[in-house]
Amino acid sequence: MGLIAALSVMALLLPVAFLSNAGPDTVLEVGIFSGAAEGTALPSGWTPMTFSKIPRHTRYDLVKDGDLVVVKATSEASSSGLIRRIRIDPVEYPIIEWRWKVLNIYKKGDVRKKEGDDYPARIYVTFEYSPSDMGLFDKVKYETARLLYGEYPPGGAITYIWESKAPKGTIAANPYADQVRMIVVESGTTRLNQWIREERNIYEDYQAVFKKKPPLVSGVAVMTDSDNTGESAVSFYGDIIFKKTANQ
C-alpha cells in the first residue's frame, strides 16, 4: 500500500478536527509533543501510520531531550509514521513550523531513485481532493479509491525531507506517488545532532510545486524510514504548529 492509500485508510479511523476561522488566534497547535509525559502514549489525535507491504515498523517513543519531551524515531530497515488527520485553511494559516534533530544520514539515500527513497526525517502535509482540479482519468482513480476506502484520498502532499546528497531547495516527485512532491529542507551531515527549527510557507510551496492554489490541508504526518536502503537511523521531532505569519 502506498502513502496516499494508507492515508485514506487512516481517514476512516480518525476523527476530523477543522482548525480554521479561529478568531484572534495566530497559532494552531498541531503536534505539541512537549506537553505529553515521557514514556506515555502519543498526544491525542496522533496515531501510527503503517503500510501493508512493509512488515517492519519504525519505533516512535516520547522521550525527554534536555528539558522537553519530544518524539524519538528509531528505524532499522523499517518504515512507518505518525499521523494527525486535521483540516486547516492554508490561506488563513500558511506557515508550518517544527523542530527536528537527526543523528545520521543514509549512505545509499538518494531522492532521485526508488532504492534511495529513505529519509531519517520527513514532515508530510497532505491536501484534500479537489475534483475541479482533476482531469477525467484522475477523477476515475479517486472515485475508485472512495469506493474502496469509503473516503477520497488526499489530492496531493508536500514532504519536507532531510536528504543525504541533494542540495537544500531541491524539489523532486516522489517515486512511488505522483501526487507527492518532496522539498529538501536539510541535507548532508553539517547540521547533524543539533536541534533545527524549520519554517515553511505551505501556501507558496504548494503553488510552486503544483502550479495552482492549494485546497484545505487534510493532515500532517512525521516519518522516519529506512526500508529501501536497509540502513538505520535515529531522529527526533519537536512540536509542530501552524501560524498566520512567519517569524520576522
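The values are calculated or read from the model by the stated rules, or taken from the named source; none is laboratory data. Fair warning: this is a prediction, and the values are worked out from it, not measured in the lab. All Cβ positions, even for glycine, are placed from backbone atoms using ideal geometry, and neighbour counts span all protein chains on display. In case anyone asks, the SASA skips ligands and DNA or RNA and just uses the protein heavy atoms, side chains included. Shrake-Rupley method; radii C 1.70, N 1.55, O 1.52, S 1.80 Å.
Which stretch or stretches of the range 214-242 have amide N atoms under 16 Å from the point lying 7 Å from residue 170's Cα along the Cα→Cβ direction? Residues 229 fall inside that zone. The candidates 79, 187, 52, arranged from most to least accessible area with a 1.4 Å probe in the full protein assembly, appear as 52, 187, 79. Pairs from the list 168/244; 72/212; 165/244 with a Cα-Cα gap above 27 Å: 72/212; 165/244. Classification of the range 177-248 by its C-alpha gyration tensor yields an oblate form. The axis ratio a/c (a ≥ b ≥ c) is 1.5 or more, and b/c is at least a/b. Extension gain, residue 61 to residue 211: 0.36 nm times the residue separation minus the Cα-Cα distance gives 50.3 nm. Straight-line cross-link partners of residue 53 among the lysines, defined as a Cα under 17 Å from its Cα and at least 8 positions apart when in the same chain: 114. For the residues 213, 101, a 1.4 Å probe over the protein chains yields an accessible-area ranking, largest first, of 213, 101.
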